[in-house]
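Heads up, the thing below is written out as structure tokens.
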């Protein structure tokens, strides 16, 4: 697929668990149907929101296959395959069955904080070895290292199989430099729900969203309105989501979004350690936001 095929709202789906900590397959199917009925444009499976670091390789393959099998709406699927060990990421790309998937989302290396040369060559190898087009993912608040605008543009020019970046730096100067200087065919996707509207106004093609797990119909409608340059209507919805988005991340993600989904009856409020449910205080705020919305 081309980068433009990921125009609109992608959802970084959560992984539902049972109280005992196993994967809740029925809840996962319910979530897929909920998002499909909400008319989102595509699904991102086993991204960081999916708690992929606490899921085994065997379970990941089961989840990839299960989502593909139950994707009755035929939405494009993106597989999250990333990490801070380049060799292990390449091994995952070679040995994961990606039947039914259209692209790979690969987060930049975390914790070991490689320099910009290391980041470039990490992605260069991923682009060369991935059987599918790659969306890179810059989220310095979680990885500890920013992928600079210069490095992103270098990757975009030198790695033809890397077709877009999910940009979650929150740095508008960097975002504008990437959009201004990127080559044709390489796109910028918002990785931050709260600034998706202004990013679209600047030239982003959409979002890979967390909040759309809980509000697929209304958030994807906001994105479509913004892409159609109907900014007054998009802005009205945007401001309805600001307080909700703040509660999503107040005590970490995906704790916040699973709290919303549990209150909505989509999946249980269960995690694998060290992720933990939100406090009672925040849960009360979330219940208030659900009523207000």
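The values are calculated or read from the model by the stated rules, or taken from the named source; none is laboratory data. In this text the structure is predicted, and so the values were computed from the model without any measurement. For neighbour counting, all protein chains shown are included, and Cβ atoms are generated from backbone atoms with ideal geometry for every residue, glycine included.
Checked against (1) closer than 18 Å to residue 46 by Cα; (2) part of a loop (DSSP other than H, G, I, E, B), residue 208 passes all but a single condition, namely (2).
A quick yes/no check of all residues on (1) surrounded by 13 or more Cβ atoms within 10 Å (Cβ to Cβ); (2) touching a helix residue (DSSP H, G or I) at 6+ places or on another chain (Cβ under 9 Å); (3) without any contact (Cβ under 8 Å) to a residue 60 or more places away in the chain:
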site: 254; (1), (2), (3): yes, yes, no
site: 258; (1), (2), (3): yes, yes, no
site: 263; (1), (2), (3): yes, yes, yes
site: 266; (1), (2), (3): yes, yes, no
site: 269; (1), (2), (3): yes, yes, yes
site: 281; (1), (2), (3): no, no, yes
site: 284; (1), (2), (3): no, no, yes
site: 292; (1), (2), (3): no, yes, yes
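Okay, residues lined up against (1) under 19 Å from residue 192 (Cβ atoms); (2) out of contact with any helix residue (DSSP H, G or I) (no Cβ under 7 Å at 6 or more places or on another chain):
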{"site": "12", "(1), (2)": "yes, no"}
{"site": "18", "(1), (2)": "no, yes"}
{"site": "22", "(1), (2)": "no, yes"}
{"site": "29", "(1), (2)": "no, yes"}
{"site": "34", "(1), (2)": "no, no"}
{"site": "40", "(1), (2)": "yes, no"}
{"site": "45", "(1), (2)": "no, no"}
{"site": "66", "(1), (2)": "no, no"}
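Residues that are outside any helix (DSSP H, G or I) and closer than 23 Å to residue 223 by Cβ do not occur anywhere in segment 18-32.
Just to be sure before I move on: is residue 226 in contact (Cβ under 8 Å) with a residue 24 or more places away in the chain and surrounded by fewer than 16 Cβ atoms within 10 Å (Cβ to Cβ) in the structure I sent?
Values: in contact (Cβ under 8 Å) with a residue 24 or more places away in the chain: yes; surrounded by fewer than 16 Cβ atoms within 10 Å (Cβ to Cβ): no.
Judged against the criteria, residue 226 is not a match.
Here are the criteria: (1) modelled with pLDDT under 95; (2) over 16 Å from the mean Cα position of the chain (by Cα). Tell me which single one residue 25 does not satisfy. Result: residue 25 fails condition (1) only. Residue 275 falls short on exactly one of the conditions (1) surrounded by 17 or more Cβ atoms within 10 Å (Cβ to Cβ); (2) under 20 Å from the mean Cα position of the chain (by Cα), and that condition is (1).
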